1. One residue is enough: does the stretch 86-95 have a residue meeting the conditions outside the structural domain of His185 (by TED's automatic domain parsing), under 25 Å from Gly40 (Cβ atoms) and aromatic (Phe, Trp, Tyr)?
2. Say we look at the stretch 52-69 and pick out the residues that are in a loop (DSSP other than H, G, I, E, B) and among the polar types (S, T, N, Q); which of these is surrounded by the most Cβ atoms within 10 Å (Cβ to Cβ)?
3. Out of Lys37, Lys103, Lys80, I need the residue that is loosely packed, with under 14 Cβ neighbours inside 10 Å and outside the structural domain of Val201 (by TED's automatic domain parsing). Which one?
4. Looking for something out of contact with any Leu (no Cβ under 8 Å at 6 or more places or on another chain) and either part of a helix (DSSP H, G or I) or more than 16 Å from Arg142 (Cβ to Cβ) (or both) - is there at least one such residue anywhere in the stretch 108-119?
5. So which residues in the stretch 154-184 are surrounded by 13 or more Cβ atoms within 10 Å (Cβ to Cβ), touching a residue at least 24 places away in the same chain (Cβ under 8 Å) and part of a loop (DSSP other than H, G, I, E, B), if there are any at all?
Amino acid sequence: MLRRMESQPYEDILIRSRATILEMLEDRGFDTTRYAKLTGPDILKLLPDAKNPGGLMMDVSHRTDPERRAVVLYNTQRIKQSVTQYIKTIVDNEENTPEKIKKTDYIVITLPLEEIAETFDKAALDAWRKHQMRIQFFNMARLVLNPMKHITQPKFEYVPPEEHTELLKQWHCRTKTQFPLIRFHNDPVARYMGLIPGDIVKITRTSYSAGEYILYRLCT
């Protein structure tokens, strides 16, 4: 798969991954109407230049909580070696306040060939611990196809915090940590859903014997 992506034109990767990013935002409850109508040629016109360095950026509001927003940022150069500094730049932005940071999902799209390694996982976790900042890094080429729509992918659903207490009772658990774990940012699904430590997801798998098999996982 990666070899095929290496041979794909950047423009093709950009356009196809953009569709997945919009689906990801919609799955999280954000309104993408203003960006969904753009066609491939429209997107290519937004490629960064001196006059419009942030042309590809997207800024959307949540459908049920307008104060919550998601910002999609594109990078035109590798950031692996300076990812901590990159996060600091966002935190120190004069337009950002601690409250704004807590209310925003920062979705950072890296170059097609810059893989998301442990460096990014650690930096994202550090941002959450220090600033309660939700930030996720995605390799552009890995979003050409939506990973949540793969035929073998089970169904993942976010469990609202107000349902956690009842869920623990149903499963006879004393604490959430008794559920199997899903790793913050490191796990592709946790990253796609924008999960943070303490979140619980419901996973529905097909079962040859029972039809469906349901389990829950705790983001940690």
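The values are calculated or read from the model by the stated rules, or taken from the named source; none is laboratory data. None of these values were measured; they are calculated from a predicted model. Neighbour counts are summed over all protein chains in view; Cβ atoms, including those assigned to glycine, are modelled from backbone coordinates with ideal geometry.
1. No, the stretch 86-95 has no match at all.
2. Looking at the filtered set, the residue picked out is Asn52.
3. That would be Lys37, the only listed residue that is loosely packed, with under 14 Cβ neighbours inside 10 Å and outside the structural domain of Val201 (by TED's automatic domain parsing).
4. Yes, the stretch 108-119 contains a residue that is out of contact with any Leu (no Cβ under 8 Å at 6 or more places or on another chain) and either part of a helix (DSSP H, G or I) or more than 16 Å from Arg142 (Cβ to Cβ) (or both).
5. Selection gives Pro154, Phe179, Arg183, Phe184.
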